[in-house]
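The values are calculated or read from the model by the stated rules, or taken from the named source; none is laboratory data. The shown structure was predicted, so the numbers you read here are calculated from the model rather than taken from an experiment. Reconstructed Cβ throughout: ideal geometry from the backbone, glycine too, with neighbour counts over all protein chains shown. In case anyone asks, the SASA skips ligands and DNA or RNA and just uses the protein heavy atoms, side chains included. Shrake-Rupley method; radii C 1.70, N 1.55, O 1.52, S 1.80 Å.
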Amino acid sequence: MSRPTEILSNDHKVVLEKLKLMEQTINNLKSANVKNVLTDLKTFLRKEADLHFKKEEAALFPEMEKFIPRDEGPIGQMLLEHEDLYKYEDNFIRGVDLFSKDENNGEAQKLIRENGNSFINLLREHIYKEDNMLFMMADMHLEEDQINAIMKKFEELDKAH
Ligand SMILES: [Fe+2]
């Protein structure tokens, strides 16, 4: 059976690939087919990325808070970063929606570029911290029954998804 951190780290690999595509796309808003790529990215963010964040917030972090108090350490920091990521994501998607109606809309292009780049940069750093620090702490400290509880919650979230 896979460990929760293994599942989340595998998600990170997929996300990092998508961030490359997102970066190329927002830097070439004039290229052909850009509307379709942006729409696919929107779907990925709303479905896969948000589900991943939820798995951390609702399953992994609460179990980790049993040995690391939220406000004094990395969990609080990760949650603050999730808040910023949601903000950038929402604004990026607002831009994508405006852009699909009119690709010459300057406001849409600005929303996409500014929030897209902020999202990409923050999420790359965030994933680095999770993979190299937070998940190692999880692997060191989580007990068997906690791992089972997390896996069960993952299944519930996948089903509700
Ligand atoms: Fe993550």
Calc'd 3J(HN,Hα), segment 7-22, phi into Karplus 6.51 cos²θ - 1.76 cosθ + 1.60 (θ = phi - 60°), Hz, glycine/Pro = x, comes to 4, 5, 5, 5, 4, 4, 4, 5, 4, 4, 4, 5, 5, 4, 4, 4
With the cut-off at 25 Å, tell me which of the pairs K13/K159; K30/K101; K110/K159 have Cα atoms farther apart than that.
K110/K159
With the dipole of segment 4-160 defined by +1 on each Lys or Arg Cβ and -1 on each Asp or Glu Cβ, the option from F61, L45, S31 whose Cα lies farthest towards the positive pole is S31
In degrees from 0 to 90, rounded to the nearest 10, what is the angle of the helix 144-160 Cα long axis to the longest principal axis of the chain?
30
Assigning unit charges at the beta carbon (Lys, Arg +1; Asp, Glu -1) and nothing else, what dipole magnitude in debye, to the nearest 20, does segment 4-160 show about its Cα centre?
840
Selection of trypsin sites (Lys or Arg not before Pro), segment 34-96, meeting DSSP coil and at most 13 other Cβ within 10 Å:
K66
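Using only the alpha carbon atoms of segment 1-146, find the Kirkwood hydrodynamic radius as the inverse mean reciprocal pair distance, in angstroms to one decimal. Before the final figure, lay out each step's value.
Details: mean 1/r = 0.0617 Å⁻¹.
Over segment 1-146, the inverse of the mean reciprocal pair distance is 16.2 Å.
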Residue-wise, which Karplus ³J(HN,Hα) couplings in Hz belong to segment 81-97, taking 6.51 cos²θ - 1.76 cosθ + 1.60, θ = phi - 60°, and x for glycine or proline?
5, 4, 4, 5, 4, 4, 4, 4, 4, 4, 5, 4, 5, 4, x, 4, 5
Quick one: accessible area per residue over segment 4-160, 1.4 Å probe, rounded to a whole number of Å²?
54
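With an 8 Å cut-off on Cα pairs and a minimum separation of 6 or more residues, tell me the relative contact order of the chain in percent.
35
Helix-only estimate, please: 222 nm mean residue ellipticity of the chain, summing -39500 (n - 2.57) across DSSP H runs of length 4 or more and dividing by its residues, to the nearest 500.
-24500 deg cm²/dmol, from helical runs alone.
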Between the alpha carbon centres of segment 1-58 and segment 91-161 the gap in Å comes to 7
